[in-house]
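Engineer: One structure coming up, written as structure tokens, with questions to follow.
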Amino acid sequence: MKKTILSLLMLFSFSAMVWAQQPASLGEAVRQLDKAAAVKDFEALEKTFVSLAEKQPQSWLPWYYAAYCNARIGFLYQDDGEKIEPYSNKGEEQISRAVSLVDSASHKAWSSEIYTVMSMVYRTKVFINPMTYGRKYGSLSEKYLQVARQLAPENPRALYVQAWVKYYTPKLWGGDKQLAKELAGKSLALLAKEQSGDTPHWGKAENEALLSKFR
């Protein structure tokens, strides 16, 4: 009996410790996201952003960041399509919720950010099985990337995603590595003018990783 009580106390203490480590605010979660690199980092943060979304039902940012975490996991798993589908499906639902909370006519910059992540989410569906899903979801990914560019042509994250697509698409299908380099460089220059905060500001590390392939 003593062993059982001791085990329960240890379990409650561990659970309390884990909960205490979760970011309490959107800003704190975004600061952790700035340092995330591995699948486990994005998995943990996705749960945090979903929890924040339930507490802030009128804010698009928590759903945006939750979808972004799932998109990043899809990109990290891009060579292992069988693992991607649950993350891709969650990301699709979450970014649709973000879309529903923003008026694209009056908040073009915010909508551009949302459609950039939507493009990434649909790109992860291509990774699941390029032969089966490439035509449908590749087209959707390109469609929403163009929407993001039209809403805010100087959005550095939309420029980065376009650079990524141009770099990894075969030349026969529209790929252009030189254009990818130019777009990534332009994106980096625009990011240098941005301030960090709760709103989207990611892209520096991603652009630098892409540009490192040209050295």
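The values are calculated or read from the model by the stated rules, or taken from the named source; none is laboratory data. The structure presented is a predicted model; accordingly, all values stated were derived computationally and were not measured. Please note: Cβ atoms are built from the backbone with ideal geometry, for glycine as well, and neighbour counts cover all protein chains shown. Surface accessibility is based on the protein's heavy atoms, side chains included, excluding ligands, DNA and RNA. Shrake-Rupley method; radii C 1.70, N 1.55, O 1.52, S 1.80 Å.
Engineer: Kindly establish whether LYS181 is more than 19 Å from SER141 (Cα to Cα), more than 19 Å from the chain's Cα centre (by Cα) and not hydrophobic (A, V, I, L, M, F, W, C).
Structural biologist: yes
Engineer: Further, regarding this structure: Could you list, in sequence order, the residues of region 195-215 that are open to solvent by 60 Å² or more (accessible area, probe 1.4 Å) and in contact (Cβ under 8 Å) with a residue 40 or more places away in the chain?
Structural biologist: SER196, ASP198, THR199, LYS213
Engineer: When region 168-215 is examined, which residues are found to be within 20 Å of TYR65 (Cβ to Cβ), small (Gly, Ala, Ser) and in a helix (DSSP H, G or I)?
Structural biologist: SER187, ALA205
Engineer: Here is a follow-up. Does LYS108 qualify as being within 22 Å of ALA163 (Cβ to Cβ), in contact (Cβ under 8 Å) with a residue 12 or more places away in the chain and more than 18 Å from the chain's Cα centre (by Cα)?
Structural biologist: Working: within 22 Å of ALA163 (Cβ to Cβ): yes; in contact (Cβ under 8 Å) with a residue 12 or more places away in the chain: yes; more than 18 Å from the chain's Cα centre (by Cα): yes.
So LYS108 fits the description; yes.
Engineer: Being modelled with pLDDT of 95 or more, under 14 Å from the mean Cα position of the chain (by Cα) and closer than 26 Å to ASP41 by Cα: is that true of PHE75 here?
Structural biologist: Here the answer is yes, as PHE75 does meet what is asked.
Engineer: Here's another thing I want to ask about it. Could you please find all residues in region 59-77 being outside any helix (DSSP H, G or I) and crowded, with 17+ Cβ neighbours inside 10 Å?
Structural biologist: TRP60, TYR77
Engineer: Would a scan of region 171-194 turn up a residue that is modelled with pLDDT of 95 or more, aromatic (Phe, Trp, Tyr) and surrounded by fewer than 20 Cβ atoms within 10 Å (Cβ to Cβ)?
Structural biologist: no
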